[in-house]
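Q: I have a structure I would like to understand better, so I am pasting it below and will then ask my questions one at a time.
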There are 2 protein chains.
Amino acid sequence: MGCLFLLQNIPRILTMFQAAFLLFSLVNIPICVEARVLNLTFEVSYQFKYLDCYKKLSIAINGMTPGPTISAVQGDTVIVNVINNLVMENVAIHWHGIRQIGTPWSDGTDSVTQCATMPGDTFTYKFVVDRPGTYMYHSHYGMQREAGLYGLIRVSLPKEQSEPFPFPYDYDREIILSDWYHDTPYEQATNLSSIPFQWIGEPQSLLINGRGKYNCSLLGSSVGPEICNATNPLCSPAVLTVIPGKTYRYRIASLTSLSSFSFQIEGHNMTVVEADGTYVDSFITQNLYIYSGETYSVLVNATQDPTRNYWATINVVARKPSTPNGLAIFNYYPNHFHKLPPTPPPPGPIWNDTASQVKQSLAIKALRGHVEPPPNTTDRVITLLNTQNTINGNYRWSLNNVSHSLPSTPYLIALKRNLTDAFDQSQPPEDYDPSYDIYSVPKNPNATSSSSIYRLKFNSTVDIILQNANTLTENSSETHPWHLHGHDFWVLGFGDGKFNSTGDVKYNLDNPIMKNTVPLYPYGWTALRFRADNPGIWLFHCHIESHFYLGMLALFESGSEMVADPPQANMGCGETKRFINSTLG
Amino acid sequence: MGCLFLLQNIPRILTMFQAAFLLFSLVNIPICVEARVLNLTFEVSYQFKYLDCYKKLSIAINGMTPGPTISAVQGDTVIVNVINNLVMENVAIHWHGIRQIGTPWSDGTDSVTQCATMPGDTFTYKFVVDRPGTYMYHSHYGMQREAGLYGLIRVSLPKEQSEPFPFPYDYDREIILSDWYHDTPYEQATNLSSIPFQWIGEPQSLLINGRGKYNCSLLGSSVGPEICNATNPLCSPAVLTVIPGKTYRYRIASLTSLSSFSFQIEGHNMTVVEADGTYVDSFITQNLYIYSGETYSVLVNATQDPTRNYWATINVVARKPSTPNGLAIFNYYPNHFHKLPPTPPPPGPIWNDTASQVKQSLAIKALRGHVEPPPNTTDRVITLLNTQNTINGNYRWSLNNVSHSLPSTPYLIALKRNLTDAFDQSQPPEDYDPSYDIYSVPKNPNATSSSSIYRLKFNSTVDIILQNANTLTENSSETHPWHLHGHDFWVLGFGDGKFNSTGDVKYNLDNPIMKNTVPLYPYGWTALRFRADNPGIWLFHCHIESHFYLGMLALFESGSEMVADPPQANMGCGETKRFINSTLG
């Protein structure tokens, strides 16, 4: 039994490794595979793109929107030199799903682990990809992700791996799902901060691998083809080409700003085998529900009629859609990849069939023997009531009536350097008023704003109960995909209505999936458990970009005293300027 | 004879004061007027505005675009706390025309005197306004000025002033002239950096005091009135109300991105009395030519028919216009201010009557007895050939075949902290090949890129000969308004064709005007003289924003060794991060 087997199957032993990470520098990690270093350069710039046929200024990495896929092997050290060429705009890139054990300063979150990187500067992220699986990267700064700054990370098993991927397949492919707005991040942020509140609306297009199709005729005849042209080859549909008879693994990541999707391939079943880097007790489905921040691997057998092509589609669920479905061509070789399927694209499931969505969430369980089960008990329960509120006339999202405001000094540095005035030192609330009516518009919608953090005992087990409620609109409760940085959590359960802690709630303590992102359904609850075993300070937030921007987030600190001082490159903003040596050298 | 008289009339004595500025801190300035402190807060944010009836995201200061006027009295210390609320974009504000004697770190130029200020941070500018006159402020970062970040600075004489303004008037009013694009700064910058080159084009509208009128019908019927509406009261024309019989001083500033203007008031003559803060040997004109970065004061007698209103207009000169003239209403009280004048607006002079433009430049001379004449000789002559070039397929603007690229570490800090690798240490060229044909497209359009600087002997007298030439387009030479930071210069002369240093050039050494911005005319030359008596490093650049962005600038260093170490707030970017104390405190 080699080290990789250990890493994969008995994650609790990792705690020892984590200690090693901290005690020794990264070069000294005791790994048994070849310690490869992947040295990448990401040049980030604005470029005009036609992702959905409409000309829009997008953020590109090395000229590409979405950015290039990072293909690494388990155990690799990944170094990404991010060169900011955004003229006047800063940048920070988060490596979503990578736990950053021993490297919390590389988590890429503005206000939390680093000062954003200024134009003209280069920031070097360095981290180890310690587990195989499908992850993603994206901007974690303001509303910047919306401009297209995202891509996929695939971590493969080493070739010499004793235990192969438990589900055989022939080819490994990628699908990035996203939604696309024609407004800029600045326009969106300005709208969201307006009084009266101005909602950003539904996206203009849905994209599969960065390609969609906007109906240019909606813009009127005065808008020329140089601005919007449905026949522009740059926005021809994405193509998934298959060889008849072969089995494909599709690594699917959702990088949406807002939308929840159902993904399906006309006439083909999918076998779900991986979720957020964890092996799934596989199950077959016609459609995959996927929420912003989630990744899945599905296996698809190319065993249908090989003389034709099929549609691959995404449609919006969990919000009433006003965006046309996204379409790609599932192309049986050797048919021409632009040959349209003879049948109309499947419409996908109806948007508000929450029961079907919850059912799939409940079906996603860990593959036994491959994932450690959770501890049977917890050290602490934090209940977070999700509400929409107002603060001084601005719309905000809140947890237990507190809407988070991110400080200008990164928490990690404030903690390490004892900058106690850099953020609110009070304790955020652990629960909400039990008499709160989750089915009604709040009687008093006022919330407070705070930058306070949850401090967790290192290595303790923590349960999070996400509790949904009614928004500021009658008979409305939204779906929120919650994402945790620096850790995976066990998904213990989902339920309808108010979470009842008195005993009638049944947790799955047997084979719960471990994930980093999970949906909270309308008027429902979601229960998570995780071990606070990664020293640092970590975001936990709704992955809908506008909700995050409006304060729907919390911070979990634990063991930050064990973390080394962050690099100089992480500083330069807010109170970190205090540490600039003010005497001439 | 009081100190103020000294400050105004015998600027050479200032050198002693400057030494005092350096030896003592600003609080110890030996001034004879009350040392008032003007403490201002500028909250900078994006806001939707309808300046020309078209909805555009603009940068506002305290909610206003253009920003508020700074009204100070000579001798005041002005403190401006700039709070950056631009979400993901940095900011730097330059106080144009304020020489920043003793406070070079408050000049507000990104890459030169400071790191731009990050979102969430506050930067405090502190400087003394040592001379009465009309100045301006604006963003000096990337293409940010274009988004509307600008305003006016008026410095009045103290009430107890022994010598009043030499031209009597009844009321003191302000006129900000600008041009307005519907593209964002990011779209413009991306276009300018494209291969093939994509020119930003002419502005959509011309604005008088932030108001213009775009022809919304050009957008087609699919664009609703919420986007463009010519009857929106927010874009009703600016109004200049006058009381019959009174004399008005109009302080006029041009903050255009690109355009040169002729300004006139229908049926009224203007008496030009101030230019860039210096008293003019007054002259009467029907129309005032004004270039980006210039300010003038004109006196207007409201002695025409008081029963009607008149037009105040701006029209583009020096480039073939494709933007409608800008219109305001010159309103005789008590007529309604929206009552349209009965006559059509005057079209203004034709755009390419360069002779008339040069004639006015030659007419602008200093008011004798109020401005020190220049030294008769110079210590150094730097000739700068202005050309359009290409570098690796990108269009650039160059001086003596060198296109400037600004470094990521501010020069002032690099100089003070001996960061010799932060910029090119070589000497930029002082002249160009005398065989160069200024009337033709360059045979070899390739230029080089450099961050090198001119080092001037402290207190030496320096002449600059700006030499114009043909662009990359046949039979084309453009007008460039050149602006010097930290100093005024004497305008010694203008001429047609190649500057001839052999003797037939006649300088005005008797009563040249002192200015900070001056035009260079097509195929012509402009000769300037200044004393390098302000310790620091200072930009000299074409005030057309896109030309500056494409490298049309130089840097003049002198006496920087006398400057104190810049504040911590100016650092945080580029190599200044090296000075962040990397040990835990």
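Q: Looking only at segment B:316-343, count how many residues are assigned to a loop (DSSP other than H, G, I, E, B), in contact (Cβ under 8 Å) with a residue 24 or more places away in the chain and farther than 30 Å from B:G497 by Cα.
A: 11
Q: Let me ask something else about it. Just wondering, is there one or more residues in segment B:250-268 that are at pLDDT 95 or above, surrounded by fewer than 24 Cβ atoms within 10 Å (Cβ to Cβ) and closer than 25 Å to B:R368 by Cβ?
A: yes
Q: I would also like to ask the following. Can you report the number of residues in segment B:412-428 which are buried (at least 23 other Cβ atoms within 10 Å of the Cβ) and either at pLDDT below 95 or within 11 Å of chain A (Cβ to nearest Cβ) (or both)?
A: 1
Q: Of these, B:N81, B:N85, which one is surrounded by fewer than 23 Cβ atoms within 10 Å (Cβ to Cβ), within 30 Å of A:Q114 (Cα to Cα), among the polar types (S, T, N, Q) and away from chain A (no Cβ under 14 Å)?
A: Exactly one of B:N81, B:N85 is surrounded by fewer than 23 Cβ atoms within 10 Å (Cβ to Cβ), within 30 Å of A:Q114 (Cα to Cα), among the polar types (S, T, N, Q) and away from chain A (no Cβ under 14 Å), namely B:N81.
Q: Shifting gears a bit: Run B:N581 past the list (1) within 20 Å of A:D121 (Cβ to Cβ); (2) modelled with pLDDT of 95 or more and report the number of the one that doesn't hold.
A: Every listed condition holds for B:N581 apart from (2).
Q: Moving on. For the condition farther than 24 Å from B:I350 by Cβ, away from chain A (no Cβ under 14 Å) and surrounded by 20 or more Cβ atoms within 10 Å (Cβ to Cβ), what is the one hit in B:A302, B:A230?
A: That would be B:A302, the only listed residue that is farther than 24 Å from B:I350 by Cβ, away from chain A (no Cβ under 14 Å) and surrounded by 20 or more Cβ atoms within 10 Å (Cβ to Cβ).
Q: Among the residues of segment B:443-464 satisfying the criterion of being assigned to a strand (DSSP E or B) and among the β-branched types (V, I, T), which is farthest from the chain's Cα centre (by Cα)?
A: So, considering only residues that are assigned to a strand (DSSP E or B) and among the β-branched types (V, I, T), the one farthest from the chain's Cα centre (by Cα) is B:T448.
Q: So, one more: With the condition kept exactly as written, say whether any residue in segment B:321-339 is touching a strand residue (DSSP E or B) at 6+ places or on another chain (Cβ under 6 Å), buried (at least 22 other Cβ atoms within 10 Å of the Cβ) and within 24 Å of B:D488 (Cα to Cα).
A: no
Q: List pairs: first in segment A:105-132 and within 14 Å of chain B (Cβ to nearest Cβ), second of a type in the set (K, R) and not in a strand (DSSP E or B), Cβ under 9 Å, 6+ apart or cross-chain?
A: Going by the 9 Å Cβ cut-off, the qualifying pairs are A:D121/B:K577.
Q: Let me ask you something else. Can you go through B:G524, B:G486 and tell me which one is of a type in the set (G, A, S) and farther than 30 Å from B:Q198 by Cβ?
A: That would be B:G486, the only listed residue that is of a type in the set (G, A, S) and farther than 30 Å from B:Q198 by Cβ.
Q: With within 14 Å of chain B (Cβ to nearest Cβ) and in a loop (DSSP other than H, G, I, E, B) as the only criterion, which of A:D504, A:D510, A:D533, A:D565 stands out?
A: None of the others qualify; the one that does is A:D565.
Q: Here is a further query. Say whether the condition of being buried (at least 20 other Cβ atoms within 10 Å of the Cβ) and within 27 Å of B:P104 (Cα to Cα) is met by at least one residue in segment B:356-365.
A: No, segment B:356-365 contains no residue that is buried (at least 20 other Cβ atoms within 10 Å of the Cβ) and within 27 Å of B:P104 (Cα to Cα).
Q: Continuing with the same structure: Within segment B:378-407, can you find the residues that are of a type in the set (S, T, Y) and under 23 Å from the mean Cα position of the chain (by Cα)?
A: B:T383, B:T387, B:S398, B:S403, B:S405 - these are the residues of segment B:378-407 that are of a type in the set (S, T, Y) and under 23 Å from the mean Cα position of the chain (by Cα).
Q: Looking at segment A:75-103 only, could you name the residues that are farther than 25 Å from B:V87 by Cα and more than 20 Å from the chain's Cα centre (by Cα)?
A: Passing the criteria: A:G75, A:D76, A:T77, A:I79, A:G102.
Q: Among the residues of segment B:474-497 satisfying the criterion of being free of Cβ contacts under 8 Å to residues at least 60 places away in the same chain and not in a strand (DSSP E or B), which is farthest from B:P522 (Cα to Cα)?
A: My answer is B:E474.
Q: Quick check on B:I83: is it farther than 16 Å from A:Y186 by Cα, of a type in the set (A, V, I, L, M) and outside any strand (DSSP E or B)?
A: Against the criterion (farther than 16 Å from A:Y186 by Cα, of a type in the set (A, V, I, L, M) and outside any strand (DSSP E or B)), B:I83 does not qualify.
Q: Another question about this same structure. Given the criterion closer than 29 Å to A:A275 by Cβ, in contact with an Asp or Glu (Cβ under 8 Å, 6 or more places away or on another chain), buried (at least 16 other Cβ atoms within 10 Å of the Cβ) and not β-branched (V, I, T), identify the matching residue among A:Y186, A:Y181.
A: A:Y181
Q: Suppose we keep only residues that are in contact (Cβ under 8 Å) with a residue 40 or more places away in the chain and of a type in the set (G, A, S) within segment A:53-73. Which one would you say is nearest to A:L255 (Cα to Cα)?
A: So, considering only residues that are in contact (Cβ under 8 Å) with a residue 40 or more places away in the chain and of a type in the set (G, A, S), the one nearest to A:L255 (Cα to Cα) is A:G67.
Q: Would you mind telling me which numbered condition in (1) assigned by the TED database to the domain that holds B:L492; (2) within 30 Å of B:V280 (Cα to Cα); (3) of a type in the set (A, V, I, L, M, F, W, C) B:A414 fails?
A: With respect to (1) assigned by the TED database to the domain that holds B:L492; (2) within 30 Å of B:V280 (Cα to Cα); (3) of a type in the set (A, V, I, L, M, F, W, C), B:A414 is out only on (2).
Q: Right, another one. Could you list all residues from segment A:395-411 that are within 14 Å of chain B (Cβ to nearest Cβ), crowded, with 24+ Cβ neighbours inside 10 Å and in contact with a helix residue (DSSP H, G or I) (Cβ under 6 Å, 6 or more places away or on another chain)?
A: A:T409
Q: Return yes or no: is B:C235 away from every other protein chain (no Cβ under 14 Å) and closer than 25 Å to B:L177 by Cβ?
A: yes
Q: Tell me the residue from A:L218, A:L255 that is without any contact (Cβ under 8 Å) to a residue 40 or more places away in the chain, out of contact with any helix residue (DSSP H, G or I) (no Cβ under 6 Å at 6 or more places or on another chain) and of a type outside the set (V, I, T), please.
A: Unique residue meeting the criteria: A:L218.
Q: A further question follows. State all residues of segment A:187-202 that are among the charged types (D, E, K, R) and either within 17 Å of A:N392 (Cα to Cα) or within 13 Å of chain B (Cβ to nearest Cβ) (or both); if no residue qualifies, say none.
A: Correct list: A:E187 only.
Q: Okay, moving on. Considering only segment B:88-100, how many residues are assigned to a loop (DSSP other than H, G, I, E, B), away from chain A (no Cβ under 14 Å) and of a type outside the set (V, I, T)?
A: 3
Q: Answer yes or no as to whether B:S292 is touching a Ser or Thr at 6+ places or on another chain (Cβ under 9 Å), assigned by the TED database to the domain that holds B:S322 and part of a loop (DSSP other than H, G, I, E, B).
A: yes
The values are calculated or read from the model by the stated rules, or taken from the named source; none is laboratory data. Since the structure is predicted, the reported quantities are computational estimates derived from the model, not experimental observations. No Cβ is skipped: glycine too gets one built from the backbone with ideal geometry, and neighbour counts run over all protein chains shown.
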